[in-house]
Amino acid sequence: MTTFEILRSLQTEVGTRRAGTDGERRAQDWLRVKCEQLGLPVEMDEFTFIGSEKYRPLMTLVMFLMMAVAVGFFIAGQPLTGMGIFLVYFLIMNFRRKLELRLATTRSENVIAGLKRPISEFVADDKKGTAVLVCAHYDTPRNFPAWFPKVRDAFRVLSPLSSLGVLLFGVFIALNIIGRLMPPFGFLVPVSSWLGWLALLFILPLFIGMPFFSIYNLVSQKTDSPGTDDNGSGTSVVMDLAQRFQQKPVDNIEVFFAWWGAEELGLFGSRQFVRRFHNKLNKENFHILNIDCVGVGEYLTVHAGQGVWKRRSTDPETVARIEKLAASLGIKTIRSWESPISGGSSDHAEWVDRGYRHATSLIREGYRPLSLPARIYAWIMRIPYANQLELNHIHSPADTLDGIKPDILHGTADLAESYIREIDAGVKAG
């Protein structure tokens, strides 16, 4: 079967696959059976996730209220109280992931297959060599409302402006506290006041957007997206790669194929797998290639790193290798650095956070030029590869087979296969 035929089989035989539904269980069975038909050892890797869809909008609303109260104290002339609330806010944000794992009680399963042996045996092997894990999430998202793309386009301009406002507000806080605690610098208090009001003006879109979208998500009726590109495309590419490597195996490395669950709810499947096993794998010879939304765009976006304050970069040689292979296949590439500018995240993120520098992600979507506020914010924060993508078709009823471009889908599979075989050849040569 070609990559597109696999995708068509997934969409017609399984359909929507939202976490916690019968569709999710159909997808798990479909993936397991397909791997068994290829003769691959397959394991069902259990994990838990937060099943309630109200958790994320509620958490966003709580964080907004904390931020609004903190700002209110600064305006009222009580900067130390406002600063204390801000510190609590950042502490909660820092420990949010650990909190989510404690709240995750709904059970689901990742599907993981190996060419030579189950991944559990590989993880337990003290003498394991170089390996590649190629992966995608199989669950599908909810639809955004029809008006959401236009609002999102507006927020792509307003959001970086709000980020600039947050930076200005930080300067306002610093000047205000210095002026109040150090009498010789008291003149800084009135000087900083105009800066504070300017910061609030910039932050205003964030103050409007956060509660609006939170409340909307709490009360609205939701429908399921077909999820063909997001992420039926990645799911089918990984299955096609399993088929290709089963027919023509590699000799010097091990290859594993993973389909993660509950990505749309917070990367739960991949995050929990990484948290359980990251210290049993060798960061220098374990390669992760995540594939997400690769059936539409002319450009191939290669993940080069993530973070603003705490930065984690992908190995530059890994990125360059993918770009060189893409060029040989006639595929245009751009780099992406995950930040408030580019937004988004996928199942490579936890690997990158844990220091796996050979972890990257491929996306194929349309490219958007940055707005002026986004360019200014990226320059101030020194964010590399601050590119934005056109994603209006995903999370919508339009994400169907009719929108997929088979040549782009097949080209992505060809690139991923070439990348894995080149790693195999490099191990042999080394």
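Results for (1) in contact with a helix residue (DSSP H, G or I) (Cβ under 6 Å, 6 or more places away or on another chain); (2) of a type outside the set (Phe, Trp, Tyr); (3) closer than 16 Å to Val352 by Cα; (4) surrounded by fewer than 20 Cβ atoms within 10 Å (Cβ to Cβ), shown as yes or no for each residue.
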position	(1), (2), (3), (4)
Phe256	yes, no, no, no
Gly261	yes, yes, no, no
Phe268	no, no, yes, no
Arg271	yes, yes, yes, no
Arg276	no, yes, yes, yes
Lys280	yes, yes, yes, yes
Asn285	no, yes, yes, yes
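Within the range 338-350, the set of residues being over 11 Å from the mean Cα position of the chain (by Cα) and either surrounded by 21 or more Cβ atoms within 10 Å (Cβ to Cβ) or of a type in the set (Val, Ile, Thr) (or both) comprises just one member, Ile341. Residues being surrounded by 20 or more Cβ atoms within 10 Å (Cβ to Cβ), over 23 Å from the mean Cα position of the chain (by Cα) and within 27 Å of Asp22 (Cα to Cα): count how many of those fall in the range 114-138. Looking only at that region, the number is 2.
Leu409 meets each of the listed conditions (1) assigned to a loop (DSSP other than H, G, I, E, B); (2) touching a Phe, Trp or Tyr at 6+ places or on another chain (Cβ under 9 Å); (3) crowded, with 17+ Cβ neighbours inside 10 Å apart from (1).
Looking at the range 139-156, is at least one residue closer than 30 Å to Ile423 by Cα and surrounded by 16 or more Cβ atoms within 10 Å (Cβ to Cβ)? Steps first, answer last, please.
Applying the first criterion (closer than 30 Å to Ile423 by Cα) to the range 139-156 yields 139.
In the following step, the residues that additionally are surrounded by 16 or more Cβ atoms within 10 Å (Cβ to Cβ) were identified as 139.
Yes, some residue in the range 139-156 is closer than 30 Å to Ile423 by Cα and surrounded by 16 or more Cβ atoms within 10 Å (Cβ to Cβ).
Give me a count of the residues in the range 370-406 that are assigned to a loop (DSSP other than H, G, I, E, B) and among the β-branched types (Val, Ile, Thr).
Applying the first criterion (assigned to a loop (DSSP other than H, G, I, E, B)) to the range 370-406 yields 370-371, 381-387, 391-400, 404-405.
Narrowing further to those that are among the β-branched types (Val, Ile, Thr): 383, 394, 400, 404.
Of the residues in the range 370-406, 4 are assigned to a loop (DSSP other than H, G, I, E, B) and among the β-branched types (Val, Ile, Thr).
Go through the range 87-136 and count every residue that is polar (S, T, N, Q) and modelled with pLDDT under 90. Working first, answer last.
So the first thing to find is which residues in the range 87-136 are polar (S, T, N, Q), and the list is 94, 105-106, 108, 110, 120, 130.
Pick out the ones that are also modelled with pLDDT under 90 and you get 94.
Of the residues in the range 87-136, 1 are polar (S, T, N, Q) and modelled with pLDDT under 90.
Filtering the range 10-50 to residues that are crowded, with 16+ Cβ neighbours inside 10 Å, hydroxyl-bearing (Ser, Thr, Tyr) and closer than 20 Å to Gly227 by Cβ leaves only Thr16.
The values are calculated or read from the model by the stated rules, or taken from the named source; none is laboratory data. This structure is a prediction, so every number in the text was calculated from the model and none was measured. Heads up, the Cβs are rebuilt from the backbone with ideal geometry, glycines too, and the neighbour counts pull from every protein chain shown.
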